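Taking it in order: structure first as structure tokens, then the write-up.
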Amino acid sequence: MNQTTTIIIVGAVILLAVVLRVVRMTREQRMNIVGMWIVPAVFAILTGIIMVVDGTTSPLDVAIAVGALVAGAALGLYQGTHTTVRVDRATHSVYVKVSPIGIGIFVAVLFLRFAIRGFYGTSGATIAHPGALPTTAGTFSLVSVALLAFVIGMVLGLRIYLARAYASTAQS
């Protein structure tokens with residue numbers, strides 16, 4: 001299987017996951033407190049695969065992706081404050097309705113990621129100048145992966161917020 005085919009398959013899987021996620025975000029959804037970690041895990045695995053395929057594997061590339069993940073988690077925690085949460089301890093579930101701003105941020109970041117990939121192609125472009133950072137991939141590939149890590153961070157941050165809301169009802 002060549003690289004283009006791999007990218008198309010991974011892209012299709014990501015697009016399907018995003019479409020399903022956005023559809024679910026538009027209405028109140030029930031999340032099992034344990035099972036809600038599956039989506040971020042799948043996204044993280046896909047991001048790891050994309051990082052390897054794109055060649056964004058130098059220590060600096062990984063540090064940038066982790067930084068984007070942390071920034072996304074912070075935004076996800078903030079998004080949680082604008083989310084309606086209802087806890088059902090009997091079923092170990094939380095009912096969540098995400099605000100339109102949260103959906104908009106999620107879709108905008110993913111759209112930007114795919115726009116960069118579409119405009120610059122799969123090989124990216126390396127900006128060479130004196131003192132450039134020693135990354136293994138093209139600059140735009142790295143930005144693309146960082147945006148994807150940012151989205152995963154948003155999803156994780158929201159999940160952390162929900163887990164905290166669930167835990168706080170146990171103490172009440």
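Suppose we keep only residues that are among the polar types (S, T, N, Q) and touching a strand residue (DSSP E or B) at 6+ places or on another chain (Cβ under 8 Å) within the range 9-36. Which one would you say is farthest from T91 (Cα to Cα)? It would help to see each step written out before you state the result.
In the first step, residues of the range 9-36 are kept if they are among the polar types (S, T, N, Q); the result is 26, 29, 32.
Filter once more, so that each one left must be touching a strand residue (DSSP E or B) at 6+ places or on another chain (Cβ under 8 Å): 29, 32.
Working: Q29: 14, N32: 8 Å.
Within the range 9-36, the match that is farthest from T91 (Cα to Cα) is Q29.
Being free of Cβ contacts under 8 Å to residues at least 12 places away in the same chain and not in a strand (DSSP E or B) narrows it down to one residue among V109, V62; which is it? Steps first, answer last, please.
Numbers: V109 fails: free of Cβ contacts under 8 Å to residues at least 12 places away in the same chain.
Within the list V109, V62, the selection yields V62.
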Answer yes if at least one residue in the range 133-146 is under 14 Å from A73 (Cβ atoms), touching a helix residue (DSSP H, G or I) at 6+ places or on another chain (Cβ under 6 Å) and either aliphatic (A, V, I, L, M) or modelled with pLDDT under 70 (or both), and no otherwise.
yes
I'd like the full set of residues that are surrounded by 18 or more Cβ atoms within 10 Å (Cβ to Cβ), touching a Ser or Thr at 6+ places or on another chain (Cβ under 8 Å) and not aliphatic (A, V, I, L, M), limited to the range 84-112.
G102
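Would you tally the residues in the range 1-57 being outside any helix (DSSP H, G or I), of a type in the set (A, V, I, L, M, F, W, C) and surrounded by 16 or more Cβ atoms within 10 Å (Cβ to Cβ)? Full working, then the answer.
As a first pass, look at the range 1-57 and keep what is outside any helix (DSSP H, G or I): 1-2, 26-34, 55-57.
Filter again for of a type in the set (A, V, I, L, M, F, W, C), leaving 1, 31, 33-34.
Going one step further and asking which of them are surrounded by 16 or more Cβ atoms within 10 Å (Cβ to Cβ), we end up with 31, 33.
The qualifying residues number 2.
For the range 85-110, what are the residues that are among the polar types (S, T, N, Q) and at pLDDT 80 or above?
From the range 85-110, those among the polar types (S, T, N, Q) are 91, 93, 99; that's our starting set.
Listed by number, the residues that qualify are T91, S93.
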Any chance the range 161-170 includes a residue that's more than 16 Å from I105 (Cα to Cα) and either at pLDDT below 80 or assigned to a loop (DSSP other than H, G, I, E, B) (or both)?
yes
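The rows are residues; the columns are (1) touching a residue at least 24 places away in the same chain (Cβ under 8 Å); (2) charged (D, E, K, R); (3) in contact with an Asp or Glu (Cβ under 9 Å, 6 or more places away or on another chain).
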residue	(1), (2), (3)
V18	yes, no, no
R21	yes, yes, no
E28	yes, yes, no
N32	yes, no, no
I38	no, no, no
T47	yes, no, no
I50	yes, no, no
V53	yes, no, no
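Every residue in the range 71-83 that is of a type in the set (V, I, T) and loosely packed, with under 15 Cβ neighbours inside 10 Å, please. It would help to see each step written out before you state the result.
First pass over the range 71-83, keeping only residues of a type in the set (V, I, T): 81, 83.
Passing the criteria: only T81.
The values are calculated or read from the model by the stated rules, or taken from the named source; none is laboratory data. The model shown is predicted, which means the values in this text are computed figures rather than measured ones. So basically every Cβ, Gly included, is an ideal-geometry build from the backbone, and we count neighbours across all protein chains shown.
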